[in-house]
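Colleague: This is the structure I want to talk about, given as structure tokens.
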Amino acid sequence: MLYMVVMQEFPNLSILTPTVRLDKFMDGFKEGFVKSLAESAGMKVELRPDRDLTFKGASVARQYTVSLGQTTGLLRAFDVNPRTYVLMVLGGDEKKAEVTRFFDSFEIKAAPAPVAQPITTAKPL
């Protein structure tokens, strides 16, 4: 079994609704990660919406089914503005205790403020 956790932080995009933010993220995720995985594994990869989830701390949470050749799995995506979290398991489903334990271990906690980047100014020579 393969377990994966991804977190992506975005600027605060309050002009987008949580559902639109998650949809846009997942569109990019499908384009990048799924395409890369398909090319490197040489197998067809499918990612299909399964159901909406309710998750404490997330504005929107959704489950997807994943298939990589004959291997199936689940992916859960969470919008927690300004972050999006993805948890994925390949090689199991919710019937397997280890998959349920993996998903149940995820908890959204208050995140620290982003680290400020130094402002550099070039001085003319």
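A short reminder: the numbers here are calculations on the coordinates, not readings from a lab. Given the structure is predicted, the values throughout are model-derived calculations rather than measurements. Reconstructed Cβ throughout: ideal geometry from the backbone, glycine too, with neighbour counts over all protein chains shown.
Colleague: To one decimal place, what Kirkwood hydrodynamic radius in Å is obtained for the chain from all pairs of distinct Cα atoms?
Modeller: 16.1 Å
Colleague: May I ask for the angle, rounded to the nearest 10°, between helix 18-29 and the longest principal axis of the chain, with both axes built from Cα atoms and the value confined to 0 to 90°?
Modeller: 80 degrees
Colleague: Please find the FRET efficiency linking S36 to Q70, where r is the Cβ-Cβ separation and R0 is fixed at 25 Å, and quote it to the nearest 0.05.
Modeller: The pair S36/Q70 has a calculated efficiency of 0.80.
Colleague: Suppose the chain between Y3 and K96 were pulled fully straight at 0.36 nm per residue; how much longer would it get relative to their current alpha carbon spacing?
Modeller: Using 0.36 nm per residue and subtracting the Cα-Cα distance, I get 32.2 nm.
Colleague: Still on this model: How would you order 62-70, 97-105 from highest to lowest mean count of nearby Cβ atoms within 10 Å?
Modeller: 62-70, 97-105
Colleague: Rounded to the nearest 0.05, what FRET efficiency do M43 and A113 have when you use their Cβ-Cβ distance and R0 = 30 Å?
Modeller: 0.15
Colleague: At I15 and D104, where each label point lies 7 Å from the Cα along Cα→Cβ, what is the point-to-point distance in nanometres?
Modeller: If labels sit at I15 and D104, their model points lie 4.3 nm apart.
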